[in-house]
Amino acid sequence: MAHRESLPALLRVLNGERLDPPPIWIMRQAGRYLPEYRELRTRAKTFLEFCYSPALATEAVMQPLRRFPLDAAILFSDILVVPDALGQKVWFVEGEGPRLEPLLPLTEWKLGEPEKAIQRLAPVYEAVERIKAGLPDGVALIGFAGGPWTVATYMLQGRGGDKDEARLAIYQRPNDIDALLDVLVETTAQHLAAQVKAGADCLQVFESWAEGLPPLAFQHVIIEPTRKLVARLRSLGVTVPIIGFPRGAGAQIAAYANETGVNALGVDTQTPADYAFEVTPEGMALQGNLDPQTLVVGGEALERAARDVLIAFKGAPHIFNLGHGITPQASPENVARLVEIVKGGA
Ligand code: CP3
């Protein structure tokens, strides 16, 4: 049994400890703002091929860690490997984002089998093993998947952008939506459990499209599926902490944090820290929530915003992060400065 003090700082905070300075990692910390990532990316023809290459995925994870003293690594993959593995056509259009053959125009949705999907995702688990073997001491490894509703919106509409058609289907085709969410819950649970078995120390569920839902629909497509996902993970023997990130949920972070069983809450950019602190269970770790735009601008705006976040979350077990993913326009120098500010304390 490891000593409590030898646990990575990120895991200590997830267990409810308050650390000063707080551990820090950056959502989408591997990616296009790094010139070495853009170079590496050219070695695979498609983005999915890149994701399914354990060697390339491992190298992408290591790149930000060589530059910055971060407290966590996150698996390099994508939330859309799940629909891909379930047999839906997924591709990425340069400069535009993901595309899928959408389910909504079809009268009958043929959904794949979770067990088969997990077999196809074997290269992802091999990447987790390789990453784990190469990580420095003290750096925690985060596994991840998309939340069931977020992945469902991409499967339904075939792209990002506004989610009106997917929201309409909640009312028009409730039984089909339930069947889709059930398949996603089971596949996602098995996908996350396999990442933990391969070496992930904790998990994050990216519910990036939690916005725009009234409370009844939020219960139906976010709370219930997430509660089932967490319960299924526990029934599969997964004991590691789970961070839920319901981006855009607004006041409904209260229900999300209290009713789904997640252990920590990712707080998005728009949410005031004191509100998150007030409506979450006593001692729950909060992660967030610097505005990603400040990493584009840098300078005084970054200094002020970073210190504001440090101070705002002082009462809670806090993991410093952004309120959403870093953008390709961010500069690595600004990220380096941010880590310095956070490690130096407020
Ligand atoms: O360090 C890391 O976090 C990288 C791993 C990672 C990627 N995607 C790589 C990626 C993670 C954690 C994700 C999650 C993801 N993917 C989410 C949830 C997080 C969020 O930002 O809300 C979502 C909604 C997706 C779906 C997705 N994949 C989109 C919308 C896009 C296009 C937009 C964009 O940022 O380019 C992708 C492509 C993608 N996923 C890229 C990367 C590095 C860029 C593609 C490339 O490099 O060619």
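The values are calculated or read from the model by the stated rules, or taken from the named source; none is laboratory data. Predicted model only: the values in this text are computed from it and were never measured. No Cβ is skipped: glycine too gets one built from the backbone with ideal geometry, and neighbour counts run over all protein chains shown. Please note that ligands, DNA and RNA were not included when accessible areas were found on the heavy atoms of the full protein model with its side chains. Shrake-Rupley method; radii C 1.70, N 1.55, O 1.52, S 1.80 Å.
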Quiz prompt | the range 68-92 residues near the modelled ALA55 label - backbone nitrogen below 20 Å, point 7 Å along Cα→Cβ | solution = 76-77
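Between ASP182 and GLU17, take the C-beta separation as r, use R0 = 30 Å, and let me know the FRET efficiency to the nearest 0.05.
Values: r = 36 Å, r/R0 = 1.21.
It comes out at approximately 0.25.
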Self-check item: Partner aspartates and glutamates for LYS110 [C-alpha distance under 20 Å; skip if fewer than 8 residues away on the same chain]
Solution: ASP84, GLU101, GLU165, ASP176, ASP178, ASP182, GLU186
Quiz item: Which whole-number percent of Cα pairs in the chain have a distance greater than 30 Å?
Solution: 32
Self-check item: Violating pairs (Cα-Cα greater than 27 angstrom) within the set LYS89/LYS163; LYS45/LYS343; LYS228/LYS343; LYS163/LYS343; LYS132/LYS343
Solution: LYS45/LYS343; LYS228/LYS343; LYS163/LYS343
Self-check item: Separation of the ARG159 and VAL93 label points, Cα + 7 Å toward Cβ, nm
Solution: 0.4
Quiz item: Using a 1.4 angstrom probe with every protein chain in place, what is the largest-first accessible-area order of HIS318, HIS220?
Solution: HIS220, HIS318
Quiz item: So which residue, out of TYR256, TYR37, TYR275, gets the largest mean-square fluctuation from a GNM of the chain using Cα contacts under 10 Å as springs?
Solution: TYR275
Quiz item: Using a ≥ b ≥ c from the Cα gyration tensor of the range 8-88 (square roots of the eigenvalues), is it rounded, prolate or oblate, where a/c under 1.5 gives rounded and otherwise the larger of a/b and b/c decides, a/b for prolate?
Solution: oblate
Quiz item: Taking Cα centroids, how far is the range 283-307 from the range 319-345 in Å?
Solution: 7
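What shape does the range 89-135 have by the C-alpha gyration tensor, where a ≥ b ≥ c are the square roots of the eigenvalues, rounded means a/c under 1.5, and otherwise prolate means a/b greater than b/c and oblate the rest? Don't skip to the answer; put the middle values down first.
On the way: a/c = 5.14, a/b = 1.59, b/c = 3.23.
The shape class here is oblate.
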Self-check item: C-alpha long axis of helix 148-157 to longest principal axis of the chain, angle in °
Solution: 50
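Roughly how many debye, to the nearest 20, is the charge dipole of the chain about its Cα centre, given +1 on each Lys and Arg Cβ, -1 on each Asp and Glu Cβ, and no other charges?
Working: 33 positive and 41 negative charges, 116 e Å.
Using Cβ point charges on Lys, Arg, Asp and Glu, the chain gives about 560 debye.
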Practice problem: Mind listing the long-range amide H neighbours of GLY266? Cut-off is under 5 Å, sequence gap 5 or more, other chains count too, H placed in the peptide plane at 1.01 Å from N. | Solution: GLY244, PHE245, GLN287
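May I ask you to give the percent of accessible area on the chain that is carbon plus sulfur, with a probe radius of 1.4 Å? Walk me through the numbers on the way to the answer.
Working: 7540 of 14610 Å².
Roughly 52 percent of what the probe reaches on the chain is carbon or sulfur.
Multiplying the sequence separation of LYS110 and ALA251 by 0.36 nm and subtracting their Cα-Cα distance, what value in nm do you get?
Values: separation 141, 0.36 × 141 = 50.76 nm, distance 3.51 nm.
Difference between extended and current length: 47.2 nm.
Between LYS314 and ALA336, what is the FRET efficiency for a Förster distance of 30 Å, r being their Cβ-Cβ separation, to the nearest 0.05? Before the final figure, lay out the partial values.
Details: r = 24 Å, r/R0 = 0.79.
Given R0 = 30 Å and the Cβ-Cβ separation, E is 0.80.
At 1.4 Å probe size, with every protein chain present, just tell me what the per residue accessible area of the chain comes to in Å². Mind dumping the intermediate values first?
Values: 14610 Å² over 346 residues.
Accessible area per residue, the chain: 42 Å².
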Quiz item: Taking a ≥ b ≥ c as the square roots of the eigenvalues of the Cα gyration tensor of the range 83-211, is the shape rounded (a/c under 1.5), prolate (a/b larger than b/c) or oblate?
Solution: prolate
Quiz item: Residues with amide H under 5 Å of GLN204's amide H, sequence separation 5 or more or different chain, H placed in the peptide plane at 1.01 Å from N; which?
Solution: GLY143, PHE144, ALA145, ILE243
